[in-house]
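Since the structure comes first, as structure tokens, the remarks are kept for the end.
The values are calculated or read from the model by the stated rules, or taken from the named source; none is laboratory data. Computed from a predicted structure; not experimentally measured. Don't worry about glycine lacking a Cβ; one is built from the backbone with ideal geometry, like all the others, and counts go over all protein chains shown.
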Amino acid sequence: MISHQSFAIRFIAIKKRLQNGEVPLIYRITINGERAEGPTNRLVSLSLWDAKAQKATGKSDEAKEVNMQLDAIKTSLHTHQSRLVTLGKIVTAQLLKNEYLGITTDRKSLCESFDFLIKRKEELFKKGKLSETTGFAIAGKAIHYAFFIFLPDRPFHIIQLSVTDNPF
């Protein structure tokens, strides 16, 4: 395990994509020389952008808004990086970018969590650690929630849960 990692977040204006005096901003994560980039989904006037300071200059509403959004992105990336370190994962630039974007393989969907809970209660019932009355109550709730979750206009079956109390 690496005891010390170099970690940096930069914001870059893509001048090649200048349109109507505005340029798109991207973030660049660098960890131990490995880079990953992603869009901030933000345009900024080229005249406001300070490449060295990596922020919009001035006191205009646009500059304040851009800087607030960039600060929020930076804070979120730092939070995700700290969470990955706390979980004992080896943090790479691509892993951090994916975590920020919500692209992970270790998160469970709402339906997967629901199935896990029902199976766990069934096991307790079979072992005699759950009364028949409680078992019927849980089964009734399961049917109620299943109707709610699987309605066609509600895509709950694909919702990813970022934090669960259940160890899967």
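Yes or no, residue by residue, for (1) modelled with pLDDT of 65 or more; (2) in a loop (DSSP other than H, G, I, E, B):
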site	(1), (2)
Val91	yes, yes
Asp115	yes, no
Ile143	yes, no
Pro152	no, yes
Asp165	no, yes
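Do you know which residues across region 13-28 are assigned to a strand (DSSP E or B) and under 25 Å from the mean Cα position of the chain (by Cα)? The answer is Ala13, Pro24, Leu25, Ile26, Tyr27, Arg28.
For region 39-58, a residue qualifies if it is crowded, with 16+ Cβ neighbours inside 10 Å and either touching a residue at least 60 places away in the same chain (Cβ under 8 Å) or closer than 18 Å to Thr75 by Cβ (or both), and the qualifying residues are Thr40, Arg42, Gln54, Lys55, Ala56. Residues considered: Gly58, Gly33. Of these, the only one that is at positive phi and touching a Leu at 6+ places or on another chain (Cβ under 9 Å) is Gly58.
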